1. Please specify each residue of the stretch 81-98 satisfying the condition of being more than 17 Å from the chain's Cα centre (by Cα) and either touching a residue at least 12 places away in the same chain (Cβ under 8 Å) or under 17 Å from residue 10 (Cβ atoms) (or both).
2. Tell me which residues, restricted to the stretch 9-26, are closer than 20 Å to residue 45 by Cα, of a type outside the set (Asp, Glu) and either touching a residue at least 40 places away in the same chain (Cβ under 8 Å) or open to solvent by 30 Å² or more (accessible area, probe 1.4 Å) (or both).
3. Taking the stated definitions as given, is residue 42 touching a helix residue (DSSP H, G or I) at 6+ places or on another chain (Cβ under 9 Å) and surrounded by fewer than 15 Cβ atoms within 10 Å (Cβ to Cβ)?
4. Identify, by number, the condition in (1) more than 30 Å from residue 1 (Cβ to Cβ); (2) of a type in the set (Phe, Trp, Tyr); (3) in a helix (DSSP H, G or I) that residue 43 doesn't meet.
5. Restricting to the stretch 20-40, count the residues that are in contact with a Gly (Cβ under 6 Å, 6 or more places away or on another chain) and part of a loop (DSSP other than H, G, I, E, B).
6. Could you run through the stretch 46-80 and say how many residues are loosely packed, with under 15 Cβ neighbours inside 10 Å, in a helix (DSSP H, G or I), in contact (Cβ under 8 Å) with a residue 12 or more places away in the chain and not aliphatic (A, V, I, L, M)?
Amino acid sequence: MSWFLLLCAGLFEVVWAVGLKYTEGFTRPLPSLITVLAMALSFYLLSLALRTLPLGTAYAFWVGIGAVGTVIAGIVLFHESTAPLKLASLALVVLGLVGLKLSSPA
């Protein structure tokens, strides 16, 4: 259950990171509200996952999900670069996340 909570926390991190782009410096009310709510949910779910998962592993996994998800969202939503080196680097991050999951006792 903790890993599922952590995955959800990471996905909400993607929502708030993308939401920041749409807030236009927190000048747009609805995107700003969605972004702040996603931030709160992300931190809350992370805090629940930390009840049983090791801090370093959980935090790195949370950040990794957020980073990978945000890069993918940037590619899909904002037509950002898909340069081979960028995609290869993203694959390395995903491999690191898999390694963290496999090496965790929880």
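1. Across the stretch 81-98, the qualifying residue is only 86.
2. 9, 10, 11, 12, 14, 15, 16, 17, 18, 20 - these are the residues of the stretch 9-26 that are closer than 20 Å to residue 45 by Cα, of a type outside the set (Asp, Glu) and either touching a residue at least 40 places away in the same chain (Cβ under 8 Å) or open to solvent by 30 Å² or more (accessible area, probe 1.4 Å) (or both).
3. Values: touching a helix residue (DSSP H, G or I) at 6+ places or on another chain (Cβ under 9 Å): yes; surrounded by fewer than 15 Cβ atoms within 10 Å (Cβ to Cβ): no.
Criteria not met by residue 42.
4. (1)
5. Looking only at that region, the number is 0.
6. 1
The values are calculated or read from the model by the stated rules, or taken from the named source; none is laboratory data. Owing to the predicted nature of the structure, the values given are computational and were not obtained by experimental measurement. Neighbour counts are summed over all protein chains in view; Cβ atoms, including those assigned to glycine, are modelled from backbone coordinates with ideal geometry. When the accessible area is computed, the model is the full protein with side chains, heavy atoms only, and any ligands, DNA or RNA have been set aside. Shrake-Rupley method; radii C 1.70, N 1.55, O 1.52, S 1.80 Å.
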